Amino acid sequence: MNNEPVRIPPAKTLRGELLVPPDKSVSHRAALSALLSETETTIHNYLPAADTLATLDAVKTFGAKTSLQDTTARVTGVGLQEPPEPRDIIDARNSGTLIRIILGIATGFGNFACFTGDESLRGRPMRRVVGPLGEMGAEIRGAGGGEYLPLAVLGNGGGLRGGEHRIPVASAQVKSCILFAGLMADGLVTVVEPGRSRDHTERLLRACGVDVTVEELPGGAGRVGLEPPERLEVPAEIRVPGDISSAAFWVAAALVVPGSEVRIRGVGLNPTRTGFLDILRRMGAEVEVGGVAEGISGEPVGELLVRHSVLRGARVGAEDVPGAVDELPLLALLGAFAEGETVLEGAGELRVKETDRVSAVCEEFGRVGVEIEERKDGFVVAGTGGVRGGRANSRGDHRLAMGLAVAGLASREGVEVGDMGAAAVSYPDFLRHLEEISCW
Ligand code: S3P
C-alpha cells in the first residue's frame, strides 16, 4: 500500500451528511458468535476493515466457512460441541478485541491452538485474560511468562470450570473473553468489573438465547453472569450498527471548525458507548441525538446532528473512561479549542492500547501546536483557541491517524500525517468521507 504522508489542509467549514462505517466491536462479536453456531449466520453491515477481516480469517482457521461481499458477511460455524483443531497459527494482526475474545473461545474448545499478532499487539498485555482462563482450568503458555503473544493454548480437552472472576479494570475485552469461554464451562460464570464497560457481548449472547444476568453494584461496578447453554442459537441474520467511535472524529471536527453542521446517520447509541457525548455536553457542545430505534441485534441506533460550538474545558475522570475509552485522544484537540484547561485523569488504560496513547497523543498533538502536558494516567490541555498545524505521525495507530487528520481540518496551517494508512484498521473510507464533508 502507498503510505506516503497525507497533508490535511485547514477546512473553511464542514457541511453534510455521513453514514459512518459499521461498528468494529459488534462486527467482531457477530463473527465470533457465528463461529459457535452450526447454522449459517448472515451479518449485514459487517465492517470490511483490517481488524475485522482478521476476525473472519481467524474464524475460518478455526474451521468456519466464511464469505464477505461488500458489507455482507456469511459465516457457518463449527458449534460448541466438537470443534475441529485450528489448521494454522491464528494471526490477530492489530486487534486486541479479536485476540482476547478468541483466546476465550479457543480454551473453551480445548484443542491445541497458537496465536500471534502484529508488532503493536505483540507488545500488549495478555495476562489479563490468560490469568482468568488459567483459573478456569486452561493451560496457556506464552512469551514473557504468558504476558505476551505469541501464545499457545495447550488443549487439554476444554472442561473449563465455572466461577466468579473479579477483574481489576473495566475492560469489555477481558469481560468478553471470560464470557465466551464461559459458554463452554461446566457451570455459572460471573465477571465483576469495577466500572461498566461496553455490553455488546451481553446483548448479543442474549439474542442467541443465552441466560445472561446483569447486576449493578455500588460505586458504578457491575456483575455479569451467564449459564452455559447446550448450543448457541445465533440469529440467522444480525445487523451491525454504525460505529460511534468512528462518528466521534466528525463530531469533534464539526465542533471546532467554525460554521460547521454535520449529520451522522445510522450510529450505534448503546448507552455503554455514549460517554463521549456526555463529556462533550459538559464542555458546552451542541450535539443533538435523534431517531433512536432498537436494532435487530439489540443495539439502539440513531443519528447525531453536530454544530460548531463554543467549548469550555472540563475534568474527565476515571468514572468517564469506560464509556469513552476510544474517544479520549480527541480531548487533546477539543481541549485546545476550549476555554480554560481540560484535564484527563484515571485513564492509565490508554497506555496499553494500539500505542501508549497517553504519550503518543501528547507528543504528536504537541508537534502540531497543542499545549499538552503528560501525566501518569492522563494529560492536561491548555485552551489556546486553536491549533497551529505542522507534521505528526500516527505511529501505526488508527485512532491517532484520524485524530491528527481532524486536527488538520481545524488547524491554521494544515497537518501532514505520517502513516495515515493506519486508519484502514477501523475506517478504510475515512479520507473519502473527509473530502465529502469538507468545504475548502
Ligand atoms: C473493545 C473494548 C475496549 C476498546 C476497544 C474495543 C471491545 O477495550 O478500547 O477498542 O470491542 O471490547 P478494553 O475493553 O480493553 O478497554
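The values are calculated or read from the model by the stated rules, or taken from the named source; none is laboratory data. Values in this document were obtained by computation on a predicted structure and should not be read as measured data. Because the Cβ atoms are built from the backbone with ideal geometry, glycine has one as well, and the counts that use them run over all protein chains shown. Just the protein is used for accessible areas: all its heavy atoms, side chains included, with ligands, DNA and RNA removed. Shrake-Rupley method; radii C 1.70, N 1.55, O 1.52, S 1.80 Å.
The strands (runs of 3 or more DSSP E) located wholly in the stretch 153-224 that include 3 or more residues which are in contact with a strand residue (DSSP E or B) (Cβ under 7 Å, 6 or more places away or on another chain) and among the acidic types (Asp, Glu) occupy 211-216. The set of residues from the stretch 160-177 being within 12 Å of the ligand (Cβ to nearest atom) and touching a Leu at 6+ places or on another chain (Cβ under 8 Å) comprises just one member, 177.
Is it true that residue 83 is assigned by TED's automatic domain parsing to the domain that holds residue 392 and surrounded by fewer than 24 Cβ atoms within 10 Å (Cβ to Cβ)? In short, no.
Consider residue 106 carefully, then state whether it is within 15 Å of the ligand (Cβ to nearest atom) and either outside the structural domain of residue 183 (by TED's automatic domain parsing) or modelled with pLDDT of 95 or more (or both). No.
Considering the stretch 318-350, and only residues there that are of a type outside the set (A, V, I, L, M, F, W, C) and more than 16 Å from the ligand (Cβ to nearest atom), the residue that is farthest from residue 258 (Cα to Cα) turns out to be 345. Please determine whether any residue of the stretch 393-403 is under 18 Å from residue 341 (Cα atoms) and in contact (Cβ under 8 Å) with a residue 40 or more places away in the chain. Taking every residue of the stretch 393-403 in turn, none turns out to be under 18 Å from residue 341 (Cα atoms) and in contact (Cβ under 8 Å) with a residue 40 or more places away in the chain. Restricting attention to the stretch 285-306, which residues are crowded, with 19+ Cβ neighbours inside 10 Å and part of a loop (DSSP other than H, G, I, E, B)? Hits for the stretch 285-306 are 285, 295, 297, 299. Mind counting the residues in the stretch 353-382 that are open to solvent by less than 40 Å² (accessible area, probe 1.4 Å) and part of a helix (DSSP H, G or I)? Number of matching residues: 9.
For the stretch 417-430, indicate whether the set of residues that are in a strand (DSSP E or B) and either within 24 Å of residue 24 (Cβ to Cβ) or aliphatic (A, V, I, L, M) (or both) is non-empty. So far as the stretch 417-430 goes, yes, one or more of its residues are in a strand (DSSP E or B) and either within 24 Å of residue 24 (Cβ to Cβ) or aliphatic (A, V, I, L, M) (or both).
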